[in-house]
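Inspection log for the structure reproduced underneath, given as structure tokens.
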Amino acid sequence: MSTSLEGKTTAELKAMMANAEAILAGPNAKLHAKATEFRDAAKLALDTRRVMPARAGAVVDPVLEAATKRILAVAAEAQSRFDLTAETAKANGVKQPHALLSKDGAPKTGGGVRTKKYRRCPYISYRGPAGIAMLQYAVPPGGAEGFWTGGLVAVGAPELETQMDEETAVAAFFQALAETAPLRP
């Protein structure tokens, strides 16, 4: 066993612990000492990585929270004004429609968060035949101030990075929806 588990992901450490437990539950007593060593090392490495859950005592960013609430309000208004269903998008030739919000009803998280380009990036989007209508609030890492972007993005094009004020971004999002989604009757 390698003495350093720093390069292991949390999932790998959990898998190591599960494998060690399976070996310890088995009949081969010769492997029990090594399995115990693996299990204890993985448990120790996991315990040092444990952090507080995001909502338990985390510092709330009031600007980000307000931006998220604004995005949700815009989503509600968009859903009342436009037919943003997947069925309608598919009927208009879109093979992979986007849901406006995530499955739990919250704004989606931008890919820039996964790549560490942004610290936070809540957004909403709708994919129609003309492209992807998008509204996001991106917060760069390192304490920089967040910015709004909105508008129509061609499928496969890089995401919007034009910094706008909030109202301009919201107006650009609704303009993009008007170009790509049918109005509700």
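Every number in this text was worked out from the coordinates using simple rules, so none of it is lab data. Given the structure is predicted, the values throughout are model-derived calculations rather than measurements. Here the Cβ is made from the backbone with ideal geometry for all residues, glycine too, and neighbour counts use every protein chain on show.
Averaging the sequence gap over all C-alpha pairs within less than 8 Å and six or more residues apart, then dividing by the number of residues, gives the range 4-50 a relative contact order of 48 percent. When only alpha carbons are used to place a centre, the range 98-164 and the range 9-45 end up 41 Å from one another.
Would you calculate a helix-derived [θ] at 222 nm for the chain, using -39,500 (n - 2.57) for each DSSP H run of n ≥ 4 and dividing by the full residue count, to the nearest 500? List each step's numbers first, then the result.
Details: 6 runs with 79 residues, N = 185.
Calculated mean residue ellipticity at 222 nm is -13500 deg cm²/dmol.
With R₀ fixed at 41 Å, the C-beta to C-beta distance from V113 to R184 puts the FRET efficiency at about 0.80. For the chain, set up a Gaussian network in which alpha carbons nearer than 10 Å are linked by springs, and say which option among T85, T115, T68 fluctuates the most. Among T85, T115, T68, the largest mean-square fluctuation in the Gaussian network model of the chain belongs to T115. Which angle between 0 and 90 degrees, to the nearest 10, do you get for helix 32-49 versus the longest principal axis of the chain when only C-alpha atoms count? The answer is roughly 40 degrees. Computed from Cα positions, the angle between helix 10-25 and the longest principal axis of the chain comes to roughly 40 degrees.
In what sequence, highest mean first, do 174-185, 124-135, 15-26 appear when ranked by Cβ atoms within 10 angstrom? Walk me through the intermediate numbers first.
Values: 174-185: 16.1, 124-135: 22.5, 15-26: 14.5.
So the peptides 174-185, 124-135, 15-26, ranked by packing, come out 124-135, 174-185, 15-26.
The alpha-carbon of K69 sits under 19 angstrom from the alpha-carbons of these aspartates and glutamates, leaving out residues fewer than 8 places away in its chain: D61, E77, D104, E145, D165, E166, E167.
Projected label points at A144 and N19, each 7 Å from Cα along the beta carbon direction, are separated by 4.1 nanometres.
Rounded, prolate or oblate for the range 62-180? Axes are the square roots of the Cα gyration tensor eigenvalues, ordered a ≥ b ≥ c, and the cut-off for rounded is a/c under 1.5. Please list the in-between numbers first.
Numbers: a/c = 1.75, a/b = 1.57, b/c = 1.11.
Here the range 62-180 falls in the prolate category.
Modelled this way, with points 7 Å down the Cα-to-C-beta line, the labels at T68 and D83 are 3.3 nm from one another. Here is the list for the range 128-174: GluC sites (Glu not before Pro) lying in DSSP coil, each with at most 13 other C-beta atoms within 10 angstrom of its C-beta, are E145, E161.
FRET efficiency for the pair A106 and E12, taken as 1/(1 + (r/R0)^6) with r the Cβ-Cβ distance and R0 = 35 Å, rounds to 0.75. Kindly express, to the nearest 10 degrees and within the range 0 to 90, the angle between helix 62-81's C-alpha long axis and the longest C-alpha principal axis of the chain. So the helix axis and the longest Cα principal axis differ by about 50 degrees. Evaluated with a Cβ-only charge set (Lys, Arg +1; Asp, Glu -1), the chain carries a dipole of roughly 700 debye about its Cα centre, given to the nearest 20.
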